[in-house]
Amino acid sequence: MGRAVSSSSGKFKAGDRVRVRTDDRPGHIRTPWYIRGKTGWIERMYGEFLNPESLGHGGDGLPKRILYLVAFNQTDVWGATQAPRDKVLVDIYEHWLDPAA
Amino acid sequence: MSDAPSEAHGHDHPKHELSYYAKRIYAIRDLLLEKGVITEKDIQCQIEYQEARSPANGAKLVARAWVDPAFKARLINDPKRACAEMDIDAASINEFVVLENTQKVRHMVVCTLCSCYPRPILGRPPDWYKSLNYRQRAVNDPRGIMREFGLVPSDDVEVRVHDSTADIRYLVLPLRPEGSGGLGEDELAKLVTRDSMIGVTDALPAATLK
């Protein structure tokens with residue numbers, strides 16, 4: 001991964017449990033509604049990227065944001081009708097994540 | 001701006017009734033040409049570039065990975081370098097990640113926000129990939145979608161749906177079909193479909209070539 005930054009510069013590391021923020025504000029946002037408020041875990045840190053919430057409105061994308069691959073049990077997102085082993089994985093920027101127990 | 005595109009400025013417009021958005025894009029094209037921002041040749045070159053990118057690129061990568069374990073390792077660890085080895089230009093992808101299917105884990109890719117897709121590797125996305133139906137159901141009924149593509153993963157298989165919401169573009173590395181042991185790389189590539197690299201189904205059975 002060419003863009004990976006050192007794991008010490010990220011707030012989270014692989015395996016950490018995280019909860020997606022439930023913010024709602026106007027503008028260009030890359031955190032889908034269905035995953036807001038859900039709890040999962042960090043699968044992998046991808047590194048630093050220009051912030052699309054700034055780029056989407058003609059900004060410079062700075063400061064860069066750390067992007068994570070976050071995994072969720074399908075049963076935690078959609079309920080018990082889902083296959084127990086299945087996962088949904090979403091690319092989420094650090095400022096959308098809070099630590100979870 | 002008139003409702004109908006004017007006909008007398010050097011290029012043809014479609015003769016059928018245009019939608020609002022089609023009229024708008026033709027109007028923007030005409031303005032960009034008139035103001036000298038782009039040329040007709042630029043547009044033609046871009047069309048040719050877009051059309052040149054096709055699932056054949058992805059199929060070449062997958063077939064090579066099936067026959068060459070060292071290449072497969074490079075494709076998974078440093079996908080862009082592996083593309084360069086195969087003369088596939090992946091430079092325009094910000095970050096490219098390959099998801100390997102196994103007997104126990106199966107990946108499927110969607111972009112619920114829009115239609116993010118590894119275009120240099122797979123070309124333009126199919127219409128169904130961009131449809132609201134797929135984008136909504138891929139994340140909460142992936143097994144239902146796989147069933148519609150003729151695939152029924154058993155209960156002990158883990159289905160992992162990747163929602164590509166940011167700068168990462170995902171390619172699924174499908175399982176090599178059973179009975180394909182004697183086939184060469186070019187023949188194997190014919191078994192690697194676009195849909196198998198999105199992950200909604202398997203590569204074609206080896207018997208397809210007979």
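FYI, it's all coordinate maths here, none of it is from the lab. If you're wondering where the values come from, they're calculated on a predicted model, not measured in any experiment. All Cβ positions, even for glycine, are placed from backbone atoms using ideal geometry, and neighbour counts span all protein chains on display.
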Item checked: Mean-position separation - Cα centroids, the stretch A:39-55 and the stretch B:159-200, in angstrom -> 25 Å
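Over all residues in A:78-88, what is the mean tally of Cβ atoms on other chains that come within 10 Å of each residue's Cβ? Don't jump to the answer; show the numbers that get you there.
On the way: counts 3, 1, 0, 2, 5, 8, 2, 9, 9, 8, 12.
Across the residues of A:78-88, the mean count of other-chain Cβ atoms within 10 Å is 5.
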Next item on the list: Among A:GLU48, B:GLU100, B:GLU34, rank each residue by its count of other Cβ atoms within 10 Å, from fewest to most, as a rough exposure measure.
Entry: B:GLU34, B:GLU100, A:GLU48
Next item on the list: Take every Cα pair under 8 Å in the stretch B:43-108 that's 6+ residues apart, average their separations, divide by the length, and report that relative contact order as a whole percent.
Entry: 20 percent
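At a threshold of 8 angstrom on Cα-Cα distance, excluding pairs fewer than six apart, so keeping six or more, what relative contact order does chain A reach in percent?
Numbers: 192 pairs, mean separation 29.6, N = 101.
This gives 29 percent for chain A.
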Checklist line | Crossing angle, helix B:55-67 versus chain B [Cα axis fit, 0-90 degrees, rounded to tens] | finding: 20 degrees
Notebook entry, point to check: Over all residues in A:27-33, what is the mean tally of Cβ atoms on other chains that come within 10 Å of each residue's Cβ?
Noted result: 3
Checklist line | Förster radius 41 Å - calculated FRET efficiency between B:ASP186 and B:VAL152, Cβ distance, rounded to 0.05 | finding: 0.85
Margin query: Using amide H atoms built in the peptide plane, which far-off residues or other-chain residues are under 5 Å from A:TYR46 H to H?
Written below: A:LEU67, A:TYR68, A:LEU69
Notebook entry, point to check: Against the longest principal axis of chain B, how steep is helix B:20-34, in degrees 0 to 90 to the nearest 10, with axes from Cα atoms?
Noted result: 70 degrees
Next item on the list: Mind scanning A:LYS38/A:LYS64; A:LYS13/A:LYS38; A:LYS64/B:LYS130 and naming the pairs with a C-alpha gap bigger than 20 Å?
Entry: A:LYS38/A:LYS64; A:LYS64/B:LYS130
Note to self: Compute the angle between helix B:40-52 and the longest alpha-carbon principal axis of chain B, please, reported from 0 to 90 degrees and rounded to the nearest 10.
What the structure shows: 20 degrees
Next item on the list: Grab every C-alpha pair in chain B, bin the distances at 5 angstrom width from 0 up to the longest one, and report whole percents.
Entry: 1, 7, 13, 16, 16, 14, 11, 8, 7, 5, 3, 1, 0
Margin query: Just to check I understand the Karplus step: with θ = phi - 60° and J = 6.51 cos²θ - 1.76 cosθ + 1.60, what whole-Hz values come out for the stretch A:25-30, glycine and proline as x?
Written below: 8, x, x, 7, 10, 9
Next item on the list: In a Gaussian network model over chain B where Cα atoms closer than 10 Å are linked, find which of B:ASP30, B:ASP87, B:ASP68 has the largest mean-square fluctuation.
Entry: B:ASP30
Next item on the list: Report the label-to-label distance for B:ALA52 and B:LYS130 in nanometres (one decimal), using points 7 Å from each Cα along the Cα→Cβ vector.
Entry: 2.2 nm
Notebook entry, point to check: Separation between the B:LEU175 and B:LEU209 pseudo-spin-labels, each 7 Å from Cα along Cα→Cβ, expressed in nm?
Noted result: 1.9 nm
Checklist line | Residue order, fewest to most beta carbons within 10 Å, for B:TYR117, A:TYR34, B:TYR21 | finding: B:TYR21, A:TYR34, B:TYR117
Next item on the list: Please list the non-local residues whose amide H lies under 5 Å from the amide H of B:ALA203, H modeled 1.01 Å from N, same-chain partners needing a gap of 5 or more.
Entry: B:LEU175
Checklist line | Neighbouring partner chain Cβ atoms per residue of B:126-139, average, 10 Å criterion | finding: 1
Note to self: Using each residue's phi in the stretch A:48-54, evaluate 6.51 cos²θ - 1.76 cosθ + 1.60 at θ = phi - 60° and report the 3J(HN,Hα) Karplus result to the nearest Hz, with x for Gly and Pro.
What the structure shows: 8, 9, 4, 7, x, 5, 8
Margin query: Could you work out the relative contact order of the stretch B:53-209? I mean the mean sequence separation of Cα pairs under 8 Å and 6+ apart, divided by the number of residues, in percent.
Written below: 31 percent
Checklist line | Sum of -39500 (n - 2.57) over DSSP H runs of 4+, divided by residues of the protein assembly as shown (222 nm, nearest 500) | finding: -8500 deg cm²/dmol
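Using a 10 Å cut-off around each Cβ, can you sort B:HIS162, A:HIS57 from fewest to most neighbouring Cβ atoms? It would help to have the intermediate numbers written out before the result.
On the way: B:HIS162 25, A:HIS57 9.
With the fewest neighbours first, B:HIS162, A:HIS57 line up as A:HIS57, B:HIS162.
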Notebook entry, point to check: Given C-alpha coordinates of the protein assembly as shown, what is the ratio Rg to Rh with the Kirkwood estimate of Rh?
Noted result: 1.00
Checklist line | Amide H partners (placed H, <5 Å) of B:ARG169, local residues excluded | finding: B:GLU95, B:PHE96, B:VAL97
